[in-house]
1. Name the single residue, out of those in the range 19-41 being part of a strand (DSSP E or B) and crowded, with 16+ Cβ neighbours inside 10 Å, that is nearest to the chain's Cα centre (by Cα).
2. Go through (1) outside the structural domain of D238 (by TED's automatic domain parsing); (2) farther than 27 Å from A37 by Cβ; (3) of a type in the set (D, E) for D252 and report which single condition fails.
3. Report yes if S49 is away from ligand 1 (no atom under 14 Å from the Cβ) and more than 17 Å from P297 (Cβ to Cβ), otherwise no.
4. Please indicate, with yes or no, whether at least one residue in the range 276-291 is more than 12 Å from ligand 1 (Cβ to nearest atom) and touching a Lys or Arg at 6+ places or on another chain (Cβ under 8 Å).
5. Among the residues of the range 322-355, count how many are within 12 Å of ligand 1 (Cβ to nearest atom) and of a type in the set (A, V, I, L, M, F, W, C).
6. Enumerate the pairs (first residue in the range 81-92 and under 16 Å from G56 (Cβ atoms); second residue anywhere and within 16 Å of ligand 2 (Cβ to nearest atom) and β-branched (V, I, T)) with beta-carbon separation below 8 Å, excluding pairs fewer than 6 apart on the same chain, so at least 6 apart or on different chains.
7. When you check V78 against the structure, is it surrounded by 18 or more Cβ atoms within 10 Å (Cβ to Cβ), aliphatic (A, V, I, L, M) and within 16 Å of ligand 2 (Cβ to nearest atom), yes or no?
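The values are calculated or read from the model by the stated rules, or taken from the named source; none is laboratory data. What you see is a predicted model, and the numbers here were worked out from it, not measured in a lab. Using ideal geometry, Cβ is built from the backbone for each residue, glycine included, and neighbour counts are taken over all protein chains shown.
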Amino acid sequence: MSSKSYKIACIPADGIGPEVIDAGVEVLKALSAASKAFSLVFKHYDWSSDTFKKTGKYIPDGGLDELKKHDAILFGAVGAPDVADHISLWSLRLAICQGFQQYANVRPTKILRGTESPLRKASTGDLDWVIIRENSEGEYAGQGGRSHKGQPWEIATEVSIFTRHAVTRLLKFAFEVARKRQKKHITVVTKSNAQRNGMVMWDEIAVEVAKDFPDVTVEKMLVDAMTCRMVLQPQSLDTIVATNLHADILSDLAAALAGSIGIAPTSNLDPTRQNPSMFEPIHGSAFDITGKGIANPVGTFWTASEMLRWLGEEAAAERLLECVENVCGDGVLTRDLGGEATTKEVTDAVCEEIRRSY
Ligand code: NAI
Ligand code: MG
């Protein structure tokens, strides 16, 4: 059988990033070996806060050109206790997302079999969402500045940027996602009562885009009310689309409602496919558990599954998630999910389950 080969750039970066990326690579290798349908060639890049402290740069000169030679990027987490978070985030993760126009951030969440939601009445099947986040502008456009630094009259501005072009392309992408899901239902989240310019334009563009998707049911929510809806009626939601900031916050809430921040994946997609897309677990570098061998690798396994789906390996992607759920279902869970397993035990169990399943 002819087998496709994909080039994957790995950037484990900081904290538990290297631990979960090692686990993810191991599981992906087991999967490609067992399926025989494709092969993966990994290249590691040690771009991290340590590199920054040594060289003054997170990404060396020509770094993005180097990344561009790959089919996808598998990213760990960036952030160190002794580097300001806005420096690490903007210098590495956002530099890649914005440099490669990865304008759609996709965050699926569900209650995996064998795990528990903190919501008393929700169990597997009751919470199954995908959150689409605008990933190129909005509140994180970086516009603004500070004057009179250190003076009592210091002033700082943080200007949100919403362009018709970026909002339209993102909403179209989100409606496409909604259309492919069983419920064909999308919730457009804004704050157009208080933010009367950018958010009102979002609402208007959503109405325009919706005309091309008559098969998708659309509803509008304000972001504050949305938090209540997510907690009280999780069954009533399916695809959710929101701005960079709003969806950032809602997706952390979503991960926690599904059981743990340690299970959820994120895809930073360039839907035009002119640049490689980047895949990462939703969590950060988790200094409090770094080096202890207890980080939950499930978020990275699900991330790996999403990466394979984007590369066109749907069957393997499904299989991987199925194996992860089987292992969770068997009670092999890390502490954040109420279990006692280590990162290595969960990884070994998933690799074993993959080999058994083929
Ligand atoms: P965090 O996600 O690193 O940790 C929040 C809490 O969740 C911690 O108690 C941590 O132990 C736990 N946790 C996270 N991932 C886990 C896993 N896989 N298994 C078990 N427990 C897990 O968020 P925090 O503490 O706000 O940020 C720490 C650093 O990470 C900061 O420097 C922040 O800027 C950075 N960060 C980076 C992100 C990225 O690279 N995309 C995303 C979020 C934060
Ligand atoms: Mg976040």
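1. Residues of the range 19-41 that are part of a strand (DSSP E or B), as a first pass: 38-41.
Checking the rest, the ones that are also crowded, with 16+ Cβ neighbours inside 10 Å come to 38, 40.
On the way: F38: 24, L40: 21 Å.
Of everything passing the filter in the range 19-41, L40 is nearest to the chain's Cα centre (by Cα).
2. The single condition D252 does not satisfy is (1).
3. Values: away from ligand 1 (no atom under 14 Å from the Cβ): no; more than 17 Å from P297 (Cβ to Cβ): yes.
No.
4. yes
5. Looking only at that region, the number is 4.
6. S88/V78; L92/V78
7. On the way: surrounded by 18 or more Cβ atoms within 10 Å (Cβ to Cβ): yes; aliphatic (A, V, I, L, M): yes; within 16 Å of ligand 2 (Cβ to nearest atom): yes.
Criteria met by V78.
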